[in-house]
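Q: There's a structure below that I have some questions on.
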Amino acid sequence: MLLKMHLQLVTGPIDRALAGKAPWQIVAITTTTVLSFVWLWDLLSEDEGVYSRLRRRFFQLARKVPAVQRRIEAEITKINEGFVKDASQYGKFTTTLPGSGLNHGQILQKVDDYLSLGHYNWKEGFISGAVYYYNPELVKLVTEVYGKASYTNPLHADVFPGICKMEAEVVRMTATLFNGGKDTCGTMTTGGTESIMMACKAYRDYGRSVKGITKPNMVLSVTAHSAFEKSAKYLGMYTKTIPVDPVSTKVDVKRMERAINRNTVMLVGSAPNYPYGTMDDIEAIAKLGLKYNIPVHVDACLGGFLIIFMKRAGYPLEPFDFSVRGVTSISADTHKYGFTPKGSSVILYSDKVYRHHQYTVSTEWPGGVYGSPTVNGSRAGGIIAATWATMLNFGLDGYVETTKRIIDTARYIEDQLRKIAHIYIFGTPATSVIAIGSNDFDIFRLSAELNSMGWNLNCLQFPSGIHICVTFMHTQDGIADKFVNDVRSKVALIMQNPEKPVEGKMAIYGVAQSVPDREIVGEFTKCFIDSMYYTVEEAT
């Protein structure tokens, strides 16, 4: 009786509202109501906020206005012409095969000519990151090793078991350095982006298989590498980015916890992050992972082969590796501070159950059962062999020594920069990246001034900044002092007229931050990428 009374409270108003309606009207009202509720539920249950979606839609519609469209096209054309002009300075391009092949000497001469293009003295330590180590003897070794293994392919494990053994040894040595246990496993990849993508793929599929998650998201800091966003776009995931503390530049863990929902398949921490070189609180993030039963990935692509040696080098850090309960995967680039040739990285997991979800397996293909561990099918055995050889050549003592020299240099540069008025350092750098900002002038002016002296630094946005990523190249005698002195002299010059706006290419960075429609900034970026494939003959 009580249940009937409660039902009448619900059905009564509905009956009265539909009284006297024709059957088709009742059907139409019911259908409309149900569809409206479904639409509203989808709207409110999406990970992307309503404001973000409305904002994006607004700009999409605004770009369709003829006057706005013409203005945008004019700006894009202007930007594109500038990029093309820069690309055309390198002379004519080979666009067709020569009738008869070039001989050995001609090819090597062309290689030397092409490698001499550009004006930055990277061997002397004038660039940020990019080239992490250079030694003619090591080049000679890896060239010989790569040559011996250049035609091998671990896809054919039965044909090239030695290359597979080398890869397994690289993974195991790296896992040991990150305090992995007997169940720790992983694979090599072609770089940090692929390592990150493999972790995202593994956790997406793990979340779907184990928890039934069909709309996966990852929770990460705004400073996490853009490879996570790239992976999300490839894999149909959503990124929930969390602000950092403005002083420490570490991710706000409390806000990170509030962002977790039933669709979250992974949490991400950086050790260190790319923009500022600061390290997130990995222990706190790992505790969230344990609390909500969510895998935790530590991105150590940039500084991984520094942080694992820093304690031995006299620079202990907060826990960041598999010794932290709750950390389930780590990405680390061997081709950065591991000093191996470009095109190698390692992705590690605390358990095979995660690595199995990284794999792609096809069982119904007419060509046979096919399985591959990473994005690529065929992989370059030469890179695997060269990575293996480099690690064995350096050894533990060699890596500890280079780490000490790099961190000593980075700490010295940081200490000296903090003494210069009118600039500041973002947070407390954990490893080799030192980010610089200013409250007194446009920091991109400093970047432009240093560029005129041969320095190549990385530009940051939101807020504006620049950073130097210290490598072994900067440990050469006099390089650190020259950088500091050049910064000091250029800051003094800028402060003679601090209100002067930045000019030239660096002005683009400031303008880009002020454009509310980020799709337009994306179009500018596409123009730049296009320019890398520009050939002079295309203009004739």
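The values are calculated or read from the model by the stated rules, or taken from the named source; none is laboratory data. If you're wondering where the values come from, they're calculated on a predicted model, not measured in any experiment. Note that we place each Cβ from the backbone using ideal geometry, even for glycine, and neighbour counts take in every protein chain shown.
Q: Please tell me if K287 is out of contact with any Leu (no Cβ under 6 Å at 6 or more places or on another chain), at pLDDT 95 or above and exposed (fewer than 15 other Cβ atoms within 10 Å of the Cβ).
A: When the stated conditions are applied, K287 does not pass them.
Q: Now, a different point. Just to be sure, is T96 exposed (fewer than 12 other Cβ atoms within 10 Å of the Cβ) and either without any contact (Cβ under 8 Å) to a residue 60 or more places away in the chain or under 30 Å from T409 (Cβ atoms) (or both)? First the steps, then the outcome.
A: On the way: exposed (fewer than 12 other Cβ atoms within 10 Å of the Cβ): yes; either without any contact (Cβ under 8 Å) to a residue 60 or more places away in the chain or under 30 Å from T409 (Cβ atoms) (or both): yes.
So T96 passes the test.
Q: Inside the range 168-222, can you point out the residues that are touching a Ser or Thr at 6+ places or on another chain (Cβ under 7 Å) and more than 21 Å from S270 (Cα to Cα)?
A: Result: V170, D183, R208.
Q: Another question, then. Mind listing whichever residues of the range 516-532 are in a loop (DSSP other than H, G, I, E, B) and either modelled with pLDDT under 75 or more than 20 Å from K85 (Cα to Cα) (or both)?
A: Within the range 516-532, the first condition is being in a loop (DSSP other than H, G, I, E, B), and the residues that meet it are 516-517, 532.
Those that are in a loop (DSSP other than H, G, I, E, B) and either modelled with pLDDT under 75 or more than 20 Å from K85 (Cα to Cα) (or both): P516, D517.
Q: Anything in the range 174-229 that is free of Cβ contacts under 8 Å to residues at least 12 places away in the same chain and either closer than 23 Å to M279 by Cβ or within 19 Å of the chain's Cα centre (by Cα) (or both)? List them, or say none.
A: Result: T176, S226, E229.
Q: Kindly indicate whether H422 is in contact with a helix residue (DSSP H, G or I) (Cβ under 8 Å, 6 or more places away or on another chain) and at pLDDT 95 or above. Steps first, please.
A: Working: in contact with a helix residue (DSSP H, G or I) (Cβ under 8 Å, 6 or more places away or on another chain): yes; at pLDDT 95 or above: yes.
Yes, satisfied.
Q: Only residues that are under 19 Å from the mean Cα position of the chain (by Cα) and of a type in the set (F, W, Y): list them for the range 298-338, please.
A: F305, F320, Y337
Q: Only one of these is among the charged types (D, E, K, R), assigned to a helix (DSSP H, G or I) and free of Cβ contacts under 8 Å to residues at least 12 places away in the same chain: K148, K123, K85. Name it.
A: Values: K148 fails: free of Cβ contacts under 8 Å to residues at least 12 places away in the same chain; K123 fails: free of Cβ contacts under 8 Å to residues at least 12 places away in the same chain.
Of the residues listed, the single one that is among the charged types (D, E, K, R), assigned to a helix (DSSP H, G or I) and free of Cβ contacts under 8 Å to residues at least 12 places away in the same chain is K85.
Q: Which of the residues that make up the range 102-116 are outside any helix (DSSP H, G or I) and small (G, A, S)? Give the steps one after another, and end with the answer.
A: So in the range 102-116, the residues outside any helix (DSSP H, G or I) come out as 102-103, 116.
Matches in the range 102-116: S116 only.
Q: When you go through K311, K352, K404 one by one, which is the residue that is over 20 Å from P272 (Cα atoms) and either polar (S, T, N, Q) or at pLDDT 95 or above (or both)? Full working, then the answer.
A: Numbers: K311 fails: over 20 Å from P272 (Cα atoms); K404 fails: over 20 Å from P272 (Cα atoms).
Within the list K311, K352, K404, the selection yields K352.
Q: Which one is surrounded by the most Cβ atoms within 10 Å (Cβ to Cβ), of the residues in the range 365-403 that are aromatic (F, W, Y) and without any contact (Cβ under 8 Å) to a residue 24 or more places away in the chain?
A: Within the range 365-403, the first condition is being aromatic (F, W, Y), and the residues that meet it are 365, 370, 388, 394, 399.
Subset that is without any contact (Cβ under 8 Å) to a residue 24 or more places away in the chain: 365, 370.
Working: W365: 8, Y370: 13.
Ranking the candidates gives Y370 first.
Conditions tested, residue by residue: (1) in a helix (DSSP H, G or I); (2) under 20 Å from P216 (Cα atoms).
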residue	(1), (2)
R258	yes, yes
R262	no, yes
T278	no, no
L306	yes, no
F309	yes, no
F320	no, no
P341	no, no
R355	yes, yes
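Q: Scan the range 151-162 and give yes if some residue there is touching a residue at least 24 places away in the same chain (Cβ under 8 Å), buried (at least 19 other Cβ atoms within 10 Å of the Cβ) and in contact with a strand residue (DSSP E or B) (Cβ under 8 Å, 6 or more places away or on another chain), otherwise no.
A: no
Q: Among the residues of the range 404-454, how many are among the acidic types (D, E) and either closer than 14 Å to D481 by Cα or outside the structural domain of R488 (by TED's automatic domain parsing) (or both)? Don't jump to the end; show me each part of the working.
A: Going through the range 404-454, the residues among the acidic types (D, E) turn out to be 408, 414-415, 440, 442, 449.
Still in the running and either closer than 14 Å to D481 by Cα or outside the structural domain of R488 (by TED's automatic domain parsing) (or both): 408, 414-415.
Summing the residues that are among the acidic types (D, E) and either closer than 14 Å to D481 by Cα or outside the structural domain of R488 (by TED's automatic domain parsing) (or both) in the range 404-454 gives 3.
Q: For the range 380-489, please list each of the strands (runs of 3 or more DSSP E) lying entirely inside it that holds at least 3 residues being of a type in the set (V, I, T), touching a Cys at 6+ places or on another chain (Cβ under 6 Å) and under 28 Å from H119 (Cα atoms). Spell out the reasoning first.
A: Numbers: elements: 433-437, 458-460, 465-469.
Passing ranges: none, list empty.
Q: From the list A410, A435, exactly one residue is at pLDDT 95 or above, farther than 15 Å from I466 by Cβ and not basic (K, R). Which is it?
A: Answer to the selection: A410.
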